[in-house]
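Here the structure comes first, spelled out in structure tokens, and everything after it is commentary.
The values are calculated or read from the model by the stated rules, or taken from the named source; none is laboratory data. Keep in mind that this is a model prediction, so the values were computed, not measured. Reconstructed Cβ throughout: ideal geometry from the backbone, glycine too, with neighbour counts over all protein chains shown.
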């Protein structure tokens, strides 16, 4: 089994190459980009703790800062209640200590989202990737292909976004870029063909060629486009005809700048497809990031993993999600 695991993990995957542990310098460099992407939000929250008193005014300012960070009303209230409890228990008297306690509270809330993406239990492991237009879906597939290829997995890409020629060409470019690395990457595509047909051919080809992973790029769609949501359900059904155990992962790509609208997307795509995980992109601009707290609260009964977060356009700028790292970057 191939394991796409975190930089600090000591997981061993017997008899199979695992995702190389990122060198400390490389991980720190990536974290620097993440902190820079979340700086606007982080500075807004950090100013709350520059005073000398822990009082109602501090909590009111923090509430406003968390709402501005797109944490949402419910997650904001949850974090405030948890923080007040921690302050009482620790008898903290310094606002700086309260900030550290907030990092702990946010880390604990986000921790269930920190899970490992494993592939290899099925051959091929079929991963469907969905998302709205502009979320960075195809780019994320290219980066995920890089992670898988670095882990030693052979990958076949299904260019099922057949109605947008640029999407097919973009995926072909990503395939070429990944071929220049260490991995084996193929692509199945058609010009203007039926998306479900492309997916069926890709899964069948993946089985015939002994590929480890088939990554399916579906057309971008809004949850309100009911005919397109029905189409993506059809794609899943057709994938199951090619392999009755598939898809083994159904990932949703979310733009980190989307804010609370991301919750609507998660609910709609989960209802249509039964999501198994998320990729959060574009945390390198005006991203507010607090939406992950809202997602964590939404999925407390059935945690929906955030497998990866992205901070740029390069192959190596998609990294595994770690709750404490993210909390520290958001509140730095």
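Below are the figures for this structure:
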read-out: Residues of the range 137-158 satisfying the condition of being surrounded by fewer than 23 Cβ atoms within 10 Å (Cβ to Cβ) and assigned to a loop (DSSP other than H, G, I, E, B); value: 152, 154
read-out: Qualifying residue in the range 190-205 (condition: buried (at least 21 other Cβ atoms within 10 Å of the Cβ), modelled with pLDDT of 90 or more and within 23 Å of the chain's Cα centre (by Cα)); value: yes
read-out: Sole residue being assigned to a loop (DSSP other than H, G, I, E, B) and assigned by TED's automatic domain parsing to the domain that holds residue 185, chosen from 130, 121, 71; value: 121
read-out: Residues within the range 47-64 that are part of a helix (DSSP H, G or I), modelled with pLDDT of 85 or more and either exposed (fewer than 11 other Cβ atoms within 10 Å of the Cβ) or out of contact with any helix residue (DSSP H, G or I) (no Cβ under 7 Å at 6 or more places or on another chain) (or both), tallied; value: 4
read-out: Residues of the range 68-87 that turn out to be modelled with pLDDT under 95 and surrounded by fewer than 17 Cβ atoms within 10 Å (Cβ to Cβ), as a count; value: 3
read-out: Residue count for the range 159-178, restricted to those that are at pLDDT 65 or above, surrounded by 14 or more Cβ atoms within 10 Å (Cβ to Cβ) and under 12 Å from residue 142 (Cα atoms); value: 8
